[in-house]
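Here's the structure, in C-alpha cells; my notes come after.
The values are calculated or read from the model by the stated rules, or taken from the named source; none is laboratory data. Owing to the predicted nature of the structure, the values given are computational and were not obtained by experimental measurement. Here Cβ is always computed from backbone atoms with ideal geometry, including for glycine, and neighbour counts include all displayed protein chains.
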Amino acid sequence: MSDHVSTAPLTVSESDGVQTWILANEPVNALSPELLDGLSAAIDAVAEREDVAGVVLASELRVFSAGADAAWMARTIEEVGVDELLDRFNASMDQFRDICRRLRELPVLVIAAIDGHALAGGLELAVACDLRIAGDAEKVQIGVPEMDLFGAMPSGGGGVQFLARLMGPAAALEFVLNAKPVSPARARELGIVERLVPAGGAREAAETFAADVARKAGRVGVSAAKRAIFGGVHVPLADALAYDHEIHWAAMREGNFRRGAGAFAEKFGSRA
C-alpha cells in the first residue's frame, strides 16, 4: 500500500478502493486529544472520497487500543485538579462519541482489525465500526473494565449502545457489569467479534475482505447495505420494508447493478 497521509499518531494508506488507518500512539494507542483529532480529520477526508468504499482500522502496536489517556489524565489532575479534569474529560469524550457515531454513519464499510488488547474506549472504538475481525490469541484481552476502574459504564463513545446491538441487551448488561475482559475466541462467541483469524492476520484479512467488497459493490452498494441493515433493524417490519425498498432501487440505479447484470446475462443467459 502507498501512503496517502502520514501524520502521527495516525497513518492513512490506500489501495484498491480501501483506506487503512493505522493507530500509532505509543505505547498503547491511548485516545489522546491528538489521536482523536487525527481520527476526526481522517473521517472528514474519506467522506469526500467517492472512490473509497472501505476503511480498515488497525494498529501497528501490540495493542489495538487501551482507551483513555492515563498520562494526560494524570497531568491534568496535577495542573488543575480532579473537578477540572472531569470537565475536560467530558469535552474529550464528546469528541470521541461524535467520532464513533460518524464511523457508523460513513457511506463506506469500516472494519476493525484487532490483533492486540482492545480495552475500554479501545473496544468502544472497535464496536462502533461495522465489522470486527480479530486475531485468535488467547492472551489478548477484549473488554470494558470501566465498572471495576471507575464504577461507570463504558459509554464515552456510546459503547453500551453498540454493545447492546451486537450482543443483545441482557448479555451486554452482564458483560458491562462484570467488567472482566475476554479472549478473542470468547468475544466471537458473545457476538462482539464477527470473525476469528490466526493471530497476526487480522489486518490482512480485513483489507482483503474490504477490497473485495469495494470491487464488487462500490461505495453506492456499501452505503445502501449499511443504511438498510443498520437503519431498518430497529423499526417495525412494515416500515423497514418500505425503507429497504427505497434504498434498494436507488442503489440499483446508481451503483454497479448494470455492470453486474450485463456480466451475469452474458455468462449464464445462453444456458437457459
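Quick notes on this one:
- Comparison of I77, I114, I99 shows that the only residue that is free of Cβ contacts under 8 Å to residues at least 12 places away in the same chain and among the β-branched types (V, I, T) is I77.
- Test: L106 is in contact with a strand residue (DSSP E or B) (Cβ under 8 Å, 6 or more places away or on another chain), farther than 20 Å from R195 by Cα and at pLDDT 95 or above: yes
- Flag if L39 is under 24 Å from V222 (Cα atoms) and in contact (Cβ under 8 Å) with a residue 40 or more places away in the chain: yes
- Counting only strands (runs of 3 or more DSSP E) wholly contained in region 1-106, the ones carrying 1 or more residues that are more than 15 Å from the chain's Cα centre (by Cα), acidic (D, E) and under 30 Å from K226 (Cα atoms) occupy 2-7, 10-15.
- For region 53-70, the candidate set comprises residues that are of a type in the set (A, V, I, L, M) and surrounded by fewer than 21 Cβ atoms within 10 Å (Cβ to Cβ); within that set, the residue that is farthest from A251 (Cα to Cα) is A70.
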